[in-house]
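The values are calculated or read from the model by the stated rules, or taken from the named source; none is laboratory data. What you see is a predicted model, and the numbers here were worked out from it, not measured in a lab. Cβ coordinates were reconstructed from backbone atoms using ideal geometry, including for glycine residues, and neighbour counts include every protein chain displayed.
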Amino acid sequence: MNLKLIGGAAALAVASSLAFAGTGAVADEFKWMTFAVFGAIIALTMYITYWAARQTHTTSEFYAAGRSVTGVQNGWAIAGDYLSAASFLGIAGLISLYGYDGFMYSVGWLVAYITVLLVIAEPCRNIGKYTLGDILAFRNNPRASKTVAALSTITVSTFYLTAQMVGGGVLIKTLIGIDYTVSVIGVGILMMAYVVFGGMKATTWVQIVKAVLLVTASLVLVLFTWGQYGFSLPSFLQAVVTDAKVQAQVAKLIGDAATNMTAEEMGQRFLEPGLFLKNPIDQISLGMALVLGTAGLPHILMRFFTVPTAQEARKSVIWAMSIIGGFYVLTLFLGMGAAINVGPAVIAGMDKGGNMAAPMLAQFVGGGPESILGNLFLAFVAAVAFATIVAVVAGLVLAAASAMAHDIYVGVIKGDHASPREQVVAARVASVIVGILAIYVGIAAEGQNVAHLVGMAFAVAASSNLPAVFLTLYWKRCSTAGVVAGMLVGSITAIALVMVSPNMTYPQAVLKEARKVLEGEPAQPAKEATPAVKASSLACELFALEGCVKAEPAHPAAAATDAKPGAAEKLARLNEKLAGLTDADEIAAVRKGIADTEKAKAKAEADLAKFEGQTTSMVGLEKPWFLLKNPGLISIPLGFLCVIVFSLLVRDKRSEAMWGELYVRQNTGIHAEGATAH
């Protein structure tokens, strides 16, 4: 079939899915603008795919774009691959709700690229061919290292992919009202078209286009938001401190502590740490996973095989850091701008995670929900979010498909004896398989809390891939046994600890909260002063050990608390209050309270119906055993330790014999163009 017809069919399938759009943030009378912007972006990316497909014939062209991508282009593509919907929508939302702490996520992800620049980019370009498995197979046993690398790549990609597909479905539904299932299928069809027909070249240019659109959208929003303060940072931050909506949000977050603070002090508190990230050990663990995990993400590592020289690999990282760093600085103005213009309460009302902060800011700066320009801005942001999701998903699918086709089929099953045509066919078949699985998993996971999957992907990458790659590149004694053991133990430990962490759903806790909402809480008597208890320790922080309680100083008795009514009683009181009001602002506030209470009541009833009779999580626990949300603090050192210990215990003559060639090639790039599996 003609590739142009195939590409057109894919575009038509996605475009037609827009017809299923229901209610969303965009008003019905302005939906046509959203469809027009979506259609323009889809048409552009499908033309790129058609153009790339005509030039993709060999294995190198499919996996590595023929090593023809320049450093500048690759830098933009890395930015497009790395800046997911979580970066554009999630971080801006966190900043709008929690201030300083939300911005710390930007800093963590940016710092990660220092690791990539200093220890990963150039050596991987000089040693590898197409995949993570190629890097490890250069001096280790090819079959063993490619097998374990492929398993790790597929695991990391699956976690990341599931979160992107579910997040994409939810966000597109929220933004423009497209049905969740149709949205996921649309993302899947486009993504498969990019990868199957255009390979790395199409994926690269789609990511470049997406990065340019993302930066452009952010710059436009910042221009409107920050410009009214004369582009003065002190003036902008002062506006944040004195904003009543921000002060109300801080008062809500800190509770009773706000009673002794002035309004301006509460506004200043928004610019200080501790409103969201409250557990220092959890912060350290998450930071380790984000900073070190980036250097082990398979879809990021693959990008360094697309450039012609090691110098271009280094240049691409510097460009990526500049673009990503500049974008993350813009998130400060996006988040804070949304907080003072839209308001944290309104943002959380649309989406409790704050993911609608940037789109709602776009609608506001354009003139509001009733204006043409406001809805045009919102349509553009919605389309950019859509392009963001599809571009990241395409990169992940290509990484997983490469592991299946190049590492497992060609490397392990065929023993590296497959014709170029056979390799390309295998890659395209693997891409279709991964794409279909991604669509299925995305639909099956509807309504599930999958936010922890992104953290798990970074944790597995940092605990499994990074120790193996780093020690293979820089330690002469590293052996195949060490690589295999480190990757298996690191990934299994990371996954196992997440399965017993607070990330999982614990029915008893859910049912308790649901009953609290529906039935209310009785008044609590004053608490007696309590003496200090058992000494605290790191083990107490990490694991829920019986009888192990952190030391707390004695404190005076707390005052008794009033009884809290259940949802039905609260609704009755609010409706009774509403009947006696005449002030428009008070009426609006009470109606919002009624809507919020009805929403909480419906969720509690749904939770009761779903979890009634269940007592344990999916792994049989009544409560978390491992108390950190991210396992990096434990799993990353363990991954490194296993590589070292098993390398010392089990020597590998081939690994040591190949050290000299690896050392020369990774530092000089000599013979890098002829990189093959040994």
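Residues of the stretch 69-84 that are surrounded by 24 or more Cβ atoms within 10 Å (Cβ to Cβ) and in a helix (DSSP H, G or I): 74, 75, 76, 77, 78, 79, 80, 81, 82. In the stretch 403-427, of all residues being touching a His at 6+ places or on another chain (Cβ under 9 Å) and under 16 Å from residue 133 (Cα atoms), the one that is surrounded by the most Cβ atoms within 10 Å (Cβ to Cβ) corresponds to 427. Put simply, of 144, 149 the only residue that is in contact with a Gly (Cβ under 9 Å, 6 or more places away or on another chain), within 30 Å of residue 647 (Cβ to Cβ), in contact (Cβ under 8 Å) with a residue 24 or more places away in the chain and in a helix (DSSP H, G or I) is 149. Number of residues in the stretch 406-426 that are closer than 25 Å to residue 54 by Cα, of a type in the set (Gly, Ala, Ser) and at pLDDT below 85 equals 2.
Candidates in the stretch 296-312 are the residues that are over 18 Å from residue 133 (Cα atoms) and of a type outside the set (Val, Ile, Thr); of these, the one that is surrounded by the fewest Cβ atoms within 10 Å (Cβ to Cβ) is 311. Of the candidates 182, 206, the single residue that is in a helix (DSSP H, G or I), of a type outside the set (D, E, K, R), within 30 Å of residue 462 (Cα to Cα) and touching a residue at least 60 places away in the same chain (Cβ under 8 Å) is 206. Considering 570, 564, 592, 577, the condition of being touching a Gly at 6+ places or on another chain (Cβ under 6 Å) and more than 30 Å from residue 453 (Cβ to Cβ) is satisfied by 564 alone. Suppose we filter 501, 464 for residues that are within 16 Å of residue 154 (Cβ to Cβ), buried (at least 18 other Cβ atoms within 10 Å of the Cβ) and within 24 Å of the chain's Cα centre (by Cα); which single one remains? After ruling out the rest, the residue left standing is 464. Looking only at the stretch 53-72, residues that are over 18 Å from residue 399 (Cα atoms), of a type outside the set (S, T, N, Q) and under 28 Å from the mean Cα position of the chain (by Cα) come to 2 in all.
Scoring residue 440 on the criteria (1) under 19 Å from the mean Cα position of the chain (by Cα); (2) loosely packed, with under 15 Cβ neighbours inside 10 Å leaves a single failure, condition (1). Residue count for the stretch 556-585 satisfying the condition of being surrounded by 12 or more Cβ atoms within 10 Å (Cβ to Cβ) and at pLDDT below 60: 2. For residue 590, the criteria (1) touching a residue at least 24 places away in the same chain (Cβ under 8 Å); (2) touching a helix residue (DSSP H, G or I) at 6+ places or on another chain (Cβ under 6 Å) hold in every case but one, which is (1).
Take residue 110 and tell me if it is farther than 30 Å from residue 341 by Cβ, in a helix (DSSP H, G or I) and touching a residue at least 12 places away in the same chain (Cβ under 8 Å). No, not satisfied. Scanning the stretch 624-660 for residues that are at pLDDT below 85 and either of a type in the set (D, E, K, R) or assigned to a helix (DSSP H, G or I) (or both) yields a total of 1.
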